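The values are calculated or read from the model by the stated rules, or taken from the named source; none is laboratory data. Keep in mind that what you see is a predicted model, and the values were worked out from it rather than measured. Positions of Cβ are generated from backbone atoms using ideal geometry, with glycine treated the same way; all protein chains shown enter the neighbour counts. When the accessible area is computed, the model is the full protein with side chains, heavy atoms only, and any ligands, DNA or RNA have been set aside. Shrake-Rupley method; radii C 1.70, N 1.55, O 1.52, S 1.80 Å.
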Amino acid sequence: MAGSNNSSVITLETTPTWAIAVVCFILITISILIEHVLHLLAKYFNKKRRKSLIQALNNIKSELMLLGFVSLLLTVLQKPIAKICIPKDAAQTFLPCQSLTSDDVEEESKCEQQGKKSLISRAGVQQLQLLIFALAFFHILSCILTFSLGTLKMRRWKFWEAETTTLDYQFSHDPRRFQLIHQTSFGKRHLNFWSEHRFLRFPVCLLRQFYGSVYKVDYLTLRHGFIMAHFAEGTEFDFHKYIRRALDKDFKVVVGISPWIWTFSMLFIFFNANVFHSTYWLPFIPLAMLVVVGTKLQGIITKMCLESNYNSSVVRGNLVVKPDDQFFWFGKPKLLLHLMHFILFQNSFQLAFFTWTTYNYGLNSCFHHKTVDIVTRLVMGVLVHFLCGYVTLPLYALVTQMGTKIKNSVFTDGMISGIRRWQEKAKRKLAKRSNYLLAQNSLDNSLSLNISPSFKTSLDVTSSTDTENDEEIVDGQSQIQQHTEFGSFGGFHLSTFRAAQH
């Protein structure tokens, strides 16, 4: 740093200690308040027994810690990064703004002597820190707002779930009644002239998602098909609570930033160069992907109705749809979760980038060539969040449960812990029993050559007693299995639970 610059820069050597102490006190106070708020949220989720949200909160903490580490690295490496020199021709490529020169030559003095330019100036590194923090903040905020909006929309499902226990519902869905599929409410909604033609079905499903994305008849029919596929007929199962638990687990995934998401964020920054004209296409990517995902989800419901109609045109009681992975892209329902993750992150990036450029350079900077650019970014950002939370998310939460495999969210956290404890206890008993049998066999072999009659008689009595105990253990296990199949678990097999865990 030159001597003239040293005289104009105020360092801590010439700053009052009380000013430094006040600033440190404010920063520490804000940090303690944020930590206390996160602690209260963890206690609230623990009280409500929503462990998935606690894990999501831990993901947020890990993300904030990672950003703090990145910020520390950028602060420490400001000067070394600024001393990295590149050719001037390379420094003029892929600029975000045309014909704009930097006024900050302080970090470029060494490179200027070599006829080169600095890779990133110190001021640029500081601005990059702000962009990373803005990106993480908007991503977390958008995920929370989107899932909150979707949960608010799905509150009506609680009343639909309660309706399934009423006498009117049981009478209208009496299993002794026979009717044609076209006569059911679900068939009237999905079996039309356009249903069997792909090119006609696509626009109908595209438009249908925007008005009443999840109808009551769709919820009740998919609920009945889910119960019939994974439980015994007549089982009382709260499908709404199951969806809420599954959505909590999905939120834990979406709120985090995985390595591939960071990779896409770097690509988004790269494509904001002026040569790509990203203003005209980048803000519309989240909306286009969201519309495609919503159309696919609506199409899955229609295909399930068509398959039921192909199997039998007459139904007994309520229409039964069969869950299957073949309805989803590449047979993977979880792919939709990653697409939702990508959509939310991309939209968060658009809002974060707009906020960052406005804060650093103002609304009249080269990043916003026209007023229409500002309006486009804001309208697209708000519209995607609204559609994702209020339209697509409830549809996603319902349809993704119709895969071949059931999720482990079917059990509450208490039931999962109890089953795991029972499994570990059974393993210990089996191991203890096998060790005892091995020891008994070795003892019999060692005493078979020379043994007294009285001692042999006592061994026979002991062996018979052990045999009776083993038979009692087998009988007890069979009783537990029968209780699992026909008792409190309502016919749910533990093998399904193991498959769901994997």
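Out of curiosity, is Phe171 assigned to a helix (DSSP H, G or I), at pLDDT 80 or above and either under 25 Å from Lys303 (Cβ atoms) or not β-branched (Val, Ile, Thr) (or both)? Answer is no for this residue. Number of residues in segment 190-215 that are in contact with a Cys (Cβ under 8 Å, 6 or more places away or on another chain) and either assigned to a loop (DSSP other than H, G, I, E, B) or of a type in the set (D, E, K, R) (or both) equals 2. You will find that of Ile343, Ile406, the residue that is at pLDDT below 80 and of a type in the set (A, V, I, L, M) is Ile406 and no other.
Taking the criterion of being modelled with pLDDT under 85, within 19 Å of the chain's Cα centre (by Cα) and among the aromatic types (Phe, Trp, Tyr), would at least one residue in segment 236-254 satisfy it? Yes - at least one qualifying residue is present in segment 236-254.
Selection of segment 346-402 for residues being in a loop (DSSP other than H, G, I, E, B) and on the phi < 0 side of the Ramachandran plot yields Leu363, Asn364, Ser365, Cys366, Phe367, His368, His369, Lys370, Thr400, Gln401, Met402. Taken over segment 10-34, the criterion of being under 19 Å from Leu64 (Cα atoms) and in contact with a helix residue (DSSP H, G or I) (Cβ under 9 Å, 6 or more places away or on another chain) is satisfied by Ile34 alone.
Residues are listed down the side, and each one gets a yes or a no for (1) open to solvent by less than 10 Å² (accessible area, probe 1.4 Å); (2) more than 20 Å from Gly299 (Cβ to Cβ):
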site	(1), (2)
Leu336	yes, no
Leu351	no, yes
Phe354	no, yes
Asn364	no, yes
Phe367	no, yes
Thr376	no, yes
Met380	no, yes
Leu387	no, no
Leu393	yes, no
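If you go through segment 126-154 and keep only what is under 14 Å from the mean Cα position of the chain (by Cα), surrounded by fewer than 16 Cβ atoms within 10 Å (Cβ to Cβ) and over 13 Å from Cys388 (Cβ atoms), you end up with nothing.
Residue count for segment 232-277, restricted to those that are part of a loop (DSSP other than H, G, I, E, B), on the phi < 0 side of the Ramachandran plot and surrounded by fewer than 19 Cβ atoms within 10 Å (Cβ to Cβ): 10. Checked against (1) open to solvent by less than 100 Å² (accessible area, probe 1.4 Å); (2) hydrophobic (A, V, I, L, M, F, W, C); (3) closer than 26 Å to Leu130 by Cα, Met65 passes all but a single condition, namely (1). Among the residues of segment 278-302, how many are in contact with a Gly (Cβ under 8 Å, 6 or more places away or on another chain) and in a loop (DSSP other than H, G, I, E, B)? Number satisfying all stated conditions: 0. Note on segment 23-70: residues that are within 18 Å of Leu247 (Cβ to Cβ) and more than 16 Å from the chain's Cα centre (by Cα) total 5. Applying the condition of being assigned to a helix (DSSP H, G or I) and open to solvent by 40 Å² or more (accessible area, probe 1.4 Å) to segment 319-334 and asking which residue is modelled with the lowest pLDDT yields Lys334.
Filtered by the rule that a residue be without any contact (Cβ under 8 Å) to a residue 12 or more places away in the chain and closer than 21 Å to Pro259 by Cβ, segment 48-65 gives Asn58, Met65.
Within segment 367-378, residues that are of a type outside the set (A, V, I, L, M) have Cβ atoms under 6 Å from residues that are in a helix (DSSP H, G or I) in these pairs: Phe367/Thr357; His368/Ile374; Asp373/Thr279; Thr376/Pro283; Arg377/Pro283; Arg377/Gln350; Arg377/Phe354, counting only partners at least 6 apart in sequence or on another chain.
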